[in-house]
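*Asks:* Below: one structure in structure tokens.
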Amino acid sequence: MYDEFFTIGDVSKSTNIPISTLRYYDKVGLLSPTFKNDETNYRYYSPKQIFVLKVINHMRSLGFSIEYIKSHFENMDYKHTLDLFQKVLSETKSEIERLKAVEKEIVESHEKFKLNFELEQKIGVPFIEDTHHIKGIIYGESTQNFKELNKVLKTIDSFESQNNLHAQLRGFKVSFNNWKKNRYSKDYLIANMKEENANISTIITEGKYACIYGKGVFEEEEIVENLLKWITANNYVAKDEFYITFTDLLMFKSRKDFLYLLRIPII
């Protein structure tokens, strides 16, 4: 009797479907063996079921879910199966669009990490940059210490989340007058968004800037003072404010990891 049927191992080899998957199909009611030997607990499949499994294999490769395949075999109606194909086609198109968006995000993140790696090699080296207008959002609340800053940042995070905004640059503006009184003061916070329609304010004006990359807690370093000395040594005059911006929001594990750009407008 058993010579007319195939064991689960034979079926697995014939269809390239793992035994665990065949048992799963049995469990969810997609395809059960023709019969089971109660004494040995062996599962036996008919030759016809080999063909059915190959159909299942093909439909799975096209993206059909288990439920869709079950529905196909339960109805065996051309109209019904055409509707299933249309659903799978629609779902596949949606998934393709999602993957395209994921691919774009991965490429952008890769380029950003590559850029930040290159920028890290330039830490501590002053340079002159002609900066174009940078548009974004100004969060006008000033802060005097890290506690106040963290409070404002939480408010900003909430605002951006509620409005589905994604910051690609953050930072703040500081006047030298406030800097001399309190190194931890910030005049206001700024952010540039991926969503162009949100970038309605000029957060950094067009002009010539003395710049330098730094890493860590800039308030605890002499990077501002050192750049001011460089400006004077190179016969420039600093204006009465500066900007600190952070371009990589993914690598901030702690304050010592902050990679930032200091810009001082000059004439």
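*Asks:* Note down all Cβ pairs under 9 Å where the first residue falls in segment 39-55 and is free of Cβ contacts under 8 Å to residues at least 60 places away in the same chain and open to solvent by 80 Å² or more (accessible area, probe 1.4 Å), the second is of a type in the set (Gly, Ala, Ser) and assigned to a helix (DSSP H, G or I), and they're at least six residues apart or on different chains.
*Replies:* From residues that are free of Cβ contacts under 8 Å to residues at least 60 places away in the same chain and open to solvent by 80 Å² or more (accessible area, probe 1.4 Å), the pairs are 54/14.
*Asks:* List the pairs whose first member sits in segment 86-111 and is modelled with pLDDT of 95 or more, whose second member is in a helix (DSSP H, G or I), and whose Cβ atoms are under 8 Å apart, counting only residues at least 6 apart or on separate chains?
*Replies:* 87/68; 88/68
*Asks:* Tell me, which strands (runs of 3 or more DSSP E) wholly within segment 144-207 include 3 or more residues that are in contact (Cβ under 8 Å) with a residue 24 or more places away in the chain and under 24 Å from the mean Cα position of the chain (by Cα)?
*Replies:* The strands (runs of 3 or more DSSP E) meeting that bar are 167-175, 188-193.
*Asks:* Go through (1) in contact with a helix residue (DSSP H, G or I) (Cβ under 8 Å, 6 or more places away or on another chain); (2) among the aliphatic types (A, V, I, L, M); (3) open to solvent by 70 Å² or more (accessible area, probe 1.4 Å) and name the single condition residue 66 misses.
*Replies:* (3)
Residues are listed down the side, and each one gets a yes or a no for (1) in contact with a Ser or Thr (Cβ under 9 Å, 6 or more places away or on another chain); (2) assigned to a helix (DSSP H, G or I); (3) of a type outside the set (Ser, Thr, Tyr):
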{"site": "63", "(1), (2), (3)": "yes, no, yes"}
{"site": "74", "(1), (2), (3)": "no, yes, yes"}
{"site": "81", "(1), (2), (3)": "yes, yes, no"}
{"site": "89", "(1), (2), (3)": "no, yes, yes"}
{"site": "92", "(1), (2), (3)": "no, yes, no"}
{"site": "100", "(1), (2), (3)": "no, yes, yes"}
{"site": "103", "(1), (2), (3)": "no, yes, yes"}
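*Asks:* When you look at residue 219, is it surrounded by fewer than 19 Cβ atoms within 10 Å (Cβ to Cβ), modelled with pLDDT under 95 and closer than 22 Å to residue 142 by Cβ, yes or no? Spell out how you get there, then give the answer.
*Replies:* Numbers: surrounded by fewer than 19 Cβ atoms within 10 Å (Cβ to Cβ): yes; modelled with pLDDT under 95: yes; closer than 22 Å to residue 142 by Cβ: yes.
Judged against the criteria, residue 219 is a match.
*Asks:* Among the candidates 52, 88, which residue alone is among the β-branched types (Val, Ile, Thr) and either under 30 Å from residue 169 (Cβ atoms) or within 39 Å of the chain's Cα centre (by Cα) (or both)?
*Replies:* Among 52, 88, only 88 is among the β-branched types (Val, Ile, Thr) and either under 30 Å from residue 169 (Cβ atoms) or within 39 Å of the chain's Cα centre (by Cα) (or both).
*Asks:* May I ask you to list pairs of residues, at least six apart or on different chains, whose Cβ atoms are under 6 Å apart, with the first in segment 65-85 being within 15 Å of residue 29 (Cα to Cα) and the second being among the hydroxyl-bearing types (Ser, Thr, Tyr)?
*Replies:* 72/81
*Asks:* Could you go through segment 241-254 and let me know if any residue there is of a type in the set (A, V, I, L, M, F, W, C) and modelled with pLDDT of 95 or more.
*Replies:* The answer is yes; a qualifying residue exists.
The values are calculated or read from the model by the stated rules, or taken from the named source; none is laboratory data. Keep in mind it's a predicted model, so treat the numbers as computed, not measured. Cβ: placed from backbone, ideal geometry, glycine included. Neighbour counts: every protein chain shown. Surface areas here come from the heavy atoms of the whole protein model, side chains and all, with no ligands, DNA or RNA. Shrake-Rupley method; radii C 1.70, N 1.55, O 1.52, S 1.80 Å.
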